[in-house]
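All of the numbers you see were taken from the coordinates with simple rules; none came from a lab. Owing to the predicted nature of the structure, the values given are computational and were not obtained by experimental measurement. Backbone-built Cβ (ideal geometry, glycine too); neighbour counts: all protein chains shown.
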Amino acid sequence: MTDDRLDQLDYYDLLQVDPGASTEQVRQAFHAFARKFHPDRFAGAPDEKQARAAHIYRRGAEAYRVLSDPGQRATYDVQLGQGKRRYDAEAARKERLNSPEPLTAGPQVRSARARPFVEKAREALEAGRWTVARLNLQIALGHEPGHRWLTAQLAEVERKIEGR
């Protein structure tokens, strides 16, 4: 795997997991990845091959670290949607410091099925279409029940609909 190829892979592709994969599935995928690329496996190989394996392994460990942490994973999913293939901790920190009002904050959902409805809800919110936003948030919650961020957004939209 050349650097160019490695740089083209997002964390899901690198570990060969679906974006909706559970933490356990990510762990299993990383273990399979580690069996293939762990630097110890290349202990008698030429220095260049050892260095390459170490580089690939570090990227896989980075992917595992991010995808195993629900908060980082949610942030990474947003960043991935913006075209970033690697987690940008500095951008995540700045986003937390400068986070906008709750209704326009980035979705912190992990379910791939919920994401399109969250996006439709955001569009409806920006257009002031509260009932459409409510419906899409309800559908998103159906795909990710009990999600605190979605529940809070839905409560806020319902307050707007009731005129409070």
**Study point:** Evaluated over the stretch 29-80, the Cα radius of gyration and Dmax, each in Å
**Key:** 13.3, 41
Review point. When the chain is modelled as a GNM with alpha-carbon springs shorter than 10 Å, which of 47, 13, 69 fluctuates the most?
Key: 47
Exercise for review: For an R0 of 25 angstrom, estimate the FRET efficiency from the Cβ-Cβ distance between residue 85 and residue 162 and round to the nearest 0.05.
Suggested key: 0.05
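Based on the Cβ-Cβ distance from residue 61 to residue 135, what FRET efficiency comes out when R0 is 45 Å, to the nearest 0.05?
E(calc), rounded to 0.05, equals 0.65.
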Practice item. Take the Cβ-Cβ distance between residue 41 and residue 5 as r, set R0 to 22 Å, and report the resulting FRET efficiency rounded to the nearest 0.05. Key: 0.65
Practice item. Take the alpha-carbon centre of the stretch 1-36, take the same for the stretch 66-80, and report the distance between them in whole Å. Key: 14
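Based only on Cα atoms, what Rg/Rh ratio does the stretch 3-90 have, Rh being taken as Kirkwood's radius?
0.99
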Exercise for review: Over the alpha-carbon set of the stretch 1-160, work out the extent along each principal axis and list the three values in angstrom, largest first.
Suggested key: 66, 28, 22
Check your understanding: Leaving out same-chain residues fewer than 8 places away, which lysines sit with a Cα under 16 Å from that of residue 84?
Key -> 94
**Study point:** Rg(Cα) / (2.2 N^0.38 Å) computed for the stretch 101-162, rounded to two decimals
**Key:** 0.95
**Study point:** Within straight-line cross-link reach of residue 49, lysines at Cα separation under 24 Å, skipping those fewer than 8 residues along the same chain
**Key:** 36
